[in-house]
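Each reported figure results from applying straightforward, stated rules to the coordinates on display, with no laboratory input. All values derive from a computational prediction rather than experimental measurement. Neighbour counts run over all protein chains shown; Cβ positions are idealised from the backbone, glycine included.
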Amino acid sequence: MIASIGQTDAMTLAQALLGFALVAGLITIIPGLDTALILRAALTQSKLHAWASAVGIGTGSLIWGVAAAVGASALLAASELAFTILKLAGAAYMVFLGIRLIVLSFRKGVHELPALQRPGGSIRAAFLRGLLNNLLNPKVGVFYVATIPQFLAVGVAPLWMGLLLALVHDAESIIWFAALIYGAHALRRWLNSPRVERIIDRITGSILVAFGAIVASESRF
């Protein structure tokens with residue numbers, strides 16, 4: 001836990017925001033599933049697809065932040081059944097996405113199509129991938145329920161504080177995602193071929209399947 005960083009009953013708003021920003025910033029830059037989805041969209045689709053995924057991820061974080069602040073995600077931390085259900089749903093979704101990417105990478109002609117015409121290639125689909133990736137990941141919920149209560153500032157309602165802290169996390173994520181998106185897009189000129197895109201989809205699909213297996217096998221903490 002992060003209890004050593006500060007005591008919530010004595011924290012000012014500035015102290016709470018700074019303390020949470022340091023913790024969330026470290027979590028943001030650790031490579032994970034969010035990074036894989038953003039890079040895959042930027043390299044094989046477009047910057048718009050990558051930003052749509054980023055907005056979906058950020059929206060999921062906001063929902064988790066509010067849930068943690070009002071105590072809804074405390075159920076996730078306390079109930080083995082609730083955690084297991086969400087864990088298996090998230091794992092199944094990740095494995096489904098991964099297998100789908102791998103299967104599509106072997107279909108002739110798919111990667112020759114414009115990004116919007118490929119299966120799952122709409123901007124809406126990119127947003128939903130990012131959103132569901134966060135909402136169905138129980139570890140995101142555990143992170144928020146473990147940290148947000150420790151950074152509640154004096155005189156600020158928990159609901160608003162949870163939303164504010166989630167916005168801090170989103171702001172850090174947007175900065176990090178922007179670096180990934182524009183960096184990947186610059187490399188796209190050298191990687192822009194159906195063969196390379198198929199390889200990227202297979203790698204991303206394998207990462208998704210691996211993450212799904214890890215999520216399904218992990219305990220709560």
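A simple spin-label model places pseudo-atoms 7 Å from Cα toward Cβ; at residue 27 and residue 92 they are separated by 2.6 nm. Legend: ranking of residues 182, 144 from fewest to most surrounding C-beta atoms inside 10 Å; resulting order 182, 144. For residue 139, a cut-off of 20 angstrom between C-alpha atoms picks up these lysines, skipping any fewer than 8 places away in its own chain: 87.
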